[in-house]
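Asker: Pasting a structure below so you can have a look.
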Amino acid sequence: MVAAGQLHAEIPLSGSVVSRRVSLLSSKVDGSVAEMLVEAGDEVSAGAPLVRLDRVMAEIELSSAQSRADEARARLKEAGRQRDETQRLVNSKHIAKSALEEARAAVEINTAAVQRLRAEVRGYQETLSRHEVTAPFDGVVSRKLVEVGQWVETSTALLELVAIRRLRVDVQVPQHYFAQIGPGTPVTMRLDSLPGRVFDAAVTRKIPVGHTSARTFPVHIELANDERLIAPGMSARVRLRLNQAAESLLLPRDAVIKGPDGSESVWVLAEEDGVETANRIDVKTGLAARDLVEVTAEALAVGDRVVVRGNEILRPGQPVRVTETLRLPF
């Protein structure tokens with residue numbers, strides 16, 4: 001039966017699950033690996049320690065710098081005491097004012113020395129902290145690339161960290177549909193690894209730079225992975241649901257017959273003198289989704305009954321017998 005309704009065009013595409021963040025981690029200083037705190041497959045939180053380098057020399061240098069800073073603070077304290085004593089002697093006119101200027105200069109010199117050594121201590125503290133590599137984000141250690149005892153430089157990759165809490169599905173969209181897709185476009189997905197599950201999502205980003213050979217454009221779809229059932233590298237079957245079309249006449253796909261010349265037609269039932277006959281009507285099809293197709297035809301109206309099975313062998317005006325009536329799913 002012909003019905004009126006709104007149809008959405010759906011584009012079936014293939015995609016791949018990827019991580020939104022993948023990082024090859026390295027240390028900020030050269031050194032020997034003292035501890036590997038994780039193994040491949042471990043899930044870690046942001047800030048968790050992953051690798052520690054040998055820090056003995058860094059600790060010695062920090063301790064030495066702290067001692068120099070303590071010494072400078074002691075000299076500054078003594079210089080301040082001498083300045084105050086000189087000030088009292090000048091006030092009582094026991095010594096010349098030039099001695100006070102010299103004492104004040106000594107305080108300033110020692111103050112600068114304390115500030116310089118404090119900066120040195122902070123620098124050694126930072127160097128010491130850089131002997132530990134921490135996770136920059138939540139993720140899973142996918143590869144461990146070094147072992148304890150190995151000498152590494154700042155350019156040496158120590159391990160690979162992959163974010164898995166929220167993943168992304170990348171699909172390539174043909175240029176014909178690019179303008180009809182944007183952030184928020186509804187998506188349904190099935191993963192080959194989880195055949196019984198359907199995931200509802202939406203387009204989060206489209207990239208307006210395409211591949212010149214294939215004429216396709218990347219589209220990103222983010223997907224929550226709280227259950228940890230999805231992993232980067234899995235394949236996905238994606239259906240993008242385009243913008244809703246205006247209300248139109250809808251038919252089952254099987255009702256439309258395509259001729260060798262490209263023509264399209266349907267067989268409409270009519271009752272004449274108590275006899276059901278079939279009459280052929282030319283139509284033009286539009287959007288198609290699931291088992292339905294959008295059609296336009298002046299001679300077709302809502303409620304008309306069309307032949308779905310056995311329509312390939314009908315002739316105009318031929319009597320027919322209806323054995324089953326199908327209704328559209330809405």
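Asker: So, in nm, how far is label residue 125 from label residue 299 when the simple model puts each one 7 Å beyond its Cα toward the Cβ?
Answerer: In this crude spin-label approximation the distance works out to 9.0 nm.
Asker: Need the C-alpha centroid separation for the range 252-325 versus the range 107-139, integer Å.
Answerer: So the two Cα centres are separated by 82 Å.
Asker: Let me ask something else about it. Could you work out the relative contact order of the chain? I mean the mean sequence separation of Cα pairs under 8 Å and 6+ apart, divided by the number of residues, in percent. Provide the component values of the computation, followed by the final result.
Answerer: On the way: 662 pairs, mean separation 86.2, N = 330.
Once divided by the residue count of the chain, the mean separation gives 26 percent.
Asker: Let me ask you something else. Mind checking the range 246-330 for trypsin sites (Lys or Arg not before Pro) that DSSP puts in a loop (not H, G, I, E or B) and that have at most 14 other Cβ atoms within 10 Å? All intermediate terms of the calculation are to be shown ahead of the outcome.
Answerer: Numbers: sites: 253, 258, 280, 284, 290, 305, 309, 321, 327; in loops: 290, 305, 309, 321, 327.
Answer by residue number: 290, 309, 321, 327.
Asker: A follow-up question, please. Name the residue, out of 187, 90, 29, whose mean-square fluctuation peaks in a Gaussian network model built on the chain with Cα pairs under 10 Å.
Answerer: Per the Cα network of the chain with a 10 Å cutoff, 90 tops the list.
Asker: Okay, next question. Using a Gaussian network for the chain with springs between C-alpha atoms less than 10 Å apart, which of these wobbles most: 310, 149, 274?
Answerer: Between 310, 149, 274, it is 274 that shows the largest mean-square fluctuation.
Asker: If you take the charge dipole of the range 56-129 about its Cα centre, with +1 on Lys and Arg Cβ and -1 on Asp and Glu Cβ, which of 76, 87, 125 is farthest toward its positive end?
Answerer: Sorting the options by dipole projection puts first 87.
Asker: Follow-up question, since we're still on this one. Under a GNM of the chain (C-alpha, springs under 10 Å), which listed residue has the highest mean-square fluctuation: 285, 188, 212?
Answerer: 212
Asker: Kindly rank 201-211, 132-142 from highest to lowest mean number of other beta carbons found within 10 Å of each residue.
Answerer: On the way: 201-211: 13.7, 132-142: 18.1.
Result, highest mean first: 132-142, 201-211.
Asker: Among (i) 31.4; (ii) 15.6; (iii) 16.6, which one is mean projected area of the Cα convex hull in nm² computed from these coordinates?
Answerer: Only one listed value fits the structure, namely (i).
Asker: Another question about this same structure. Loop-only check: which GluC sites (Glu not before Pro) in the range 9-52 are DSSP coil with at most 12 other Cβ within 10 angstrom? Write down the numbers at each step before the final one.
Answerer: Working: sites: 10, 35, 39, 43; in loops: 39.
Sparse-neighbourhood loop GluC sites (Glu not before Pro): 39.
Asker: Ok, one more. Taking the Cα atoms only, what angle lies between the long axis of helix 56-91 and the longest principal axis of the chain, rounded to 10 degrees?
Answerer: That helix lies at roughly 50 degrees to the long axis.
Asker: Also: Between the DSSP loop rule and a limit of at most 12 other Cβ atoms within 10 Å, which GluC sites (Glu not before Pro) in the range 262-330 are left? Could you put the intermediate results ahead of the total?
Answerer: Working: sites: 264, 271, 272, 276, 294, 298, 312, 324; in loops: 298, 324.
For GluC sites (Glu not before Pro) across the range 262-330 that sit outside H, G, I, E and B with at most 12 neighbouring Cβ atoms in 10 Å, the list reads 298, 324.
Asker: Let's test the formula: R0 of 25 Å, r as the Cβ-Cβ distance of residue 101 and residue 73. What FRET efficiency results, to the nearest 0.05?
Answerer: Values: r = 23 Å, r/R0 = 0.92.
Efficiency for this residue pair is about 0.60.
Asker: Still on this structure: For the pair residue 59 and residue 229, what calculated FRET efficiency results from E = 1/(1 + (r/R0)^6), where r is the Cβ-Cβ distance and R0 = 41 Å, to the nearest 0.05?
Answerer: Values: r = 45 Å, r/R0 = 1.10.
Using R0 = 41 Å, I get an efficiency of 0.35.
Asker: Can I ask one more? For every helix of n ≥ 4 consecutive DSSP H residues, a contribution of -39,500 (n - 2.57) applies; sum these over the chain, divide by its total residues, and give [θ] at 222 nm rounded to the nearest 500 deg cm²/dmol.
Answerer: Details: 3 runs with 73 residues, N = 330.
That comes out to -8000 deg cm²/dmol.
Asker: Relative to the longest principal axis of the chain, what angle (0 to 90°, nearest 10) does the C-alpha long axis of helix 97-129 take?
Answerer: Helix 97-129 sits at roughly 40 degrees to that axis.
Bear in mind these aren't lab numbers, they're just calculated from the coordinates by the rules spelled out. Note that the coordinates shown come from a computational prediction; the quantities given were computed from them, not determined experimentally. All Cβ positions, glycine included, derive from the backbone under ideal geometry; neighbour counts span all protein chains shown.
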